[in-house]
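All remarks here apply to the structure that follows.
Since every read-out is calculated from the coordinates, none of them should be taken as a lab result. The structure presented is a predicted model; accordingly, all values stated were derived computationally and were not measured. FYI the Cβ positions are ideal-geometry reconstructions off the backbone, even for glycines, and counts take in every protein chain you see.
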Amino acid sequence: MKNYKIAVLAGDGIGPEVMVQALKVLAVVSEKFGFGIQSTEALIGGAAIDATGVALPDDTLNLCKNSDAILFGSVGGPKWTSLPPAQQPERASLLPLRKTFDLFCNLRPGQIYPAFAELSPLHPKISSQGMDILCVRELTGGIYFGEKGRTEDVAFDTQKYSVSEIERISRVAFEAATKRRNKVTSIDKANVLATSVLWREVVERVAKDYPQVQLEHMYIDNAAMQLIRAPQHFDVLLCDNLFGDILSDEIAAIAGSLGLLPSASLNGSNFGLYEPAGGTAPDIAGKGIANPIAQILSAALMLRYSFAEEAAARAIEQAVASTLEQGIVTRDINAASNYGTADVGAAVIAALNAIETKRA
Ligand SMILES: NC(=O)C1=CN([C@@H]2O[C@H](COP(=O)(O)OP(=O)(O)OC[C@H]3O[C@@H](n4cnc5c(N)ncnc54)[C@H](O)[C@@H]3O)[C@@H](O)[C@H]2O)C=CC1
Ligand SMILES: CC(C)CC(=O)C(=O)O
């Protein structure tokens, strides 16, 4: 029997609440599909600062190095914003993890299924046409990692991209498009930014290797607008680090809630960190009402991309769809709902068991 070692880093805010549900789902699905998940929990982010003084303790980093994948919650919150910026949870744990493991490729799939179009805040005449977008975001370069500085009166961040960084993420987007609807929309601000001019040149060059894929370029400001006007226009969105961060939250909101959107952050050899696209949601943390679906779907992406357990990943996705179909949703999706985090987790598990019963 295959046995996968995962590092479980739940983090702060709603992280631990939604992680519990994802781990329960993994336990059920591994039993049903005949593989083992050996999960080891470790401190990260604000929780690690409180316990050890640093956001990414050596023990946690070593655990990640000795694991097959990382299942991540989220980090940060108001408790730690008075620390010097470089020591805060987001900058001092998540960004170094992305860099250490060269997780340059962030995949954020976002859908409106026609049957669930009412979950979307868009007008029904738009949402009823559905949406199925894969946001491919460059994750280890750009303004998040460039030189930064601060004097009393001035602060700066630097956006820098190399040809090789742009090329490798472009290839991921074009490859993904060949398995989808053969269209890539590359997002930039080439009318202003030097990095965007290079971005366009490199994307054009890579596109020549994929003649079957239609390429279009779109400025970020226009893309932010077109996503709400006509989300069905898009197939694969190719974005730099900053633009992808912003547009993927917009895609999540269009799909119904940030609590629905999973993400996979991958290096070139199937190692990945899997986390919800959203953050620690301090406004609802500790209330038992956070939506666990993004965390559960992140676990499904881990099974797909790091472990090639496609059937198990699909079963989770099917169980999530069935749970939404039954209207078992948290308040971020239906303000009148009385269902909490644990109810949604239990419904996903019940739906998983039902799928298995039908298979047997
Ligand atoms: N990958 C990570 O660890 C990330 C961490 N953060 C951190 O999280 C903290 C809060 O950031 P915000 O900007 O408020 O973004 P956020 O994503 O935590 O919350 C934005 C809004 O979405 C809602 N939301 C997010 N996830 C939800 C879920 N699963 N269920 C129901 N509602 C959900 C929240 O309640 C809030 O109203 C900050 O410290 C930020 O730096 C933010 C984004 C990513
Ligand atoms: C906390 C930051 C690292 C946010 C971010 O980059 C993300 O949402 O992925």
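Set the Cα radius of gyration of the chain against 2.2 N^0.38 Å, with N its number of residues, and you get 0.97.
Size of the dipole of the stretch 109-173 about the Cα centre, Lys and Arg at +1 and Asp and Glu at -1 on the beta carbon, nothing else charged, in debye to 20?
On the way: 7 positive and 9 negative charges, 42 e Å.
Approximately 200 debye in magnitude.
The modelled label-to-label distance between Thr52 and Leu193, using points 7 Å beyond Cα along the C-beta direction, is 3.3 nm. For the stretch 95-164, place one equal point scatterer on every Cα, skip the solvent, and apply the Debye formula. What is log10 of I(q)/I(0) at q = 0.21, 0.27, 0.28 Å⁻¹? Cα-only, vacuum Debye calculation for the stretch 95-164: -0.86, -1.15, -1.20. Taking 15 Å as the straight-line reach from the Cα of Lys183, the aspartates and glutamates in range (excluding those fewer than 8 positions away in the same chain) are Asp132, Glu175, Glu204, Asp209, Glu216, Asp235. Local charge for Pro57 was computed over the other residues whose Cβ lies under 14 Å away, with Lys and Arg +1 and Asp and Glu -1, and equals -3.
Compactness of the stretch 1-125, taken as the C-alpha radius of gyration over 2.2 N^0.38 Å, stands at 1.25. Of the trypsin sites (Lys or Arg not before Pro) found in the stretch 177-227, those in coil by DSSP whose Cβ has at most 12 other Cβ atoms within 10 Å are Lys179, Lys208. Measuring nothing but alpha carbons in the stretch 78-129 and taking Rh as the Kirkwood radius, the Rg to Rh ratio lands at 1.29.
For the pair the stretch 158-212 / the stretch 37-64, the C-alpha centres are spaced 35 Å from each other. Counted over the chain, the DSSP beta bridges are approximately 40% antiparallel.
When the Cα positions of Asn353, Gly278, Ile333 are compared along the charge dipole of the chain, Asn353 comes out farthest toward the positive end, with charges on each C-beta of Lys, Arg, Asp and Glu. Exceedance of the 19 Å cut-off in Cα-Cα distance is limited, within the set Lys5/Lys99; Lys99/Lys160; Lys2/Lys179, to Lys5/Lys99; Lys2/Lys179.
Mind grabbing the base-10 log of I(q)/I(0) for the stretch 181-243 at q = 0.19 Å⁻¹? Debye formula, identical points on the C-alpha positions, no solvent, two decimal places. Each listed q corresponds, in turn, to -0.70. Each Lys or Arg adds one and each Asp or Glu subtracts one; over the other residues with Cβ under 13 Å from the Cβ of Met19, this totals -3.
Candidate cross-link partners of Lys79 among the lysines, defined by an alpha-carbon separation under 18 Å and a same-chain spacing of 8 or more, comprise Lys287.
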